[in-house]
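Have a look at the structure below before the remarks.
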Amino acid sequence: MRKDLISLKPIYSTFLSCDKDIQTILKTLFVSSRPHSDILKKLLVINSKDCLEDKEEYKRVIDSMSVKDLIDKGYIRLNPKISRGTH
């Protein structure tokens, strides 16, 4: 796919729109790109060498996981890893 770079609007983002941007990114990665999102979930959730194989037990685990479950169980972290000290 080729996009026309002239017709694209300039990217505008602020910290006020950060939650909306994160929601859009997570929706794109884990919901709207269906075959690829299942592969990404397998890589995140299943911790074994054969995680990309088509096994029925893996499919059940992946189908039962929602984006909220991924965040709640710590597979997706929205907080920064580096702690910032106060001055």
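The values are calculated or read from the model by the stated rules, or taken from the named source; none is laboratory data. Every value quoted in this text rests on a predicted model; they were computed, and no experiment measured them. Neighbour counts run over all protein chains shown; Cβ positions are idealised from the backbone, glycine included.
So is PRO35 outside any helix (DSSP H, G or I) and either at pLDDT 85 or above or more than 10 Å from the chain's Cα centre (by Cα) (or both) or not? First the steps, then the outcome.
Details: outside any helix (DSSP H, G or I): no; either at pLDDT 85 or above or more than 10 Å from the chain's Cα centre (by Cα) (or both): yes.
The answer is no for PRO35.
Pick out the one residue from LYS81, LYS49 that is modelled with pLDDT of 85 or more, out of contact with any strand residue (DSSP E or B) (no Cβ under 7 Å at 6 or more places or on another chain), loosely packed, with under 10 Cβ neighbours inside 10 Å and not in a helix (DSSP H, G or I). Working first, answer last.
Working: LYS81 fails: modelled with pLDDT of 85 or more.
Answer to the selection: LYS49.
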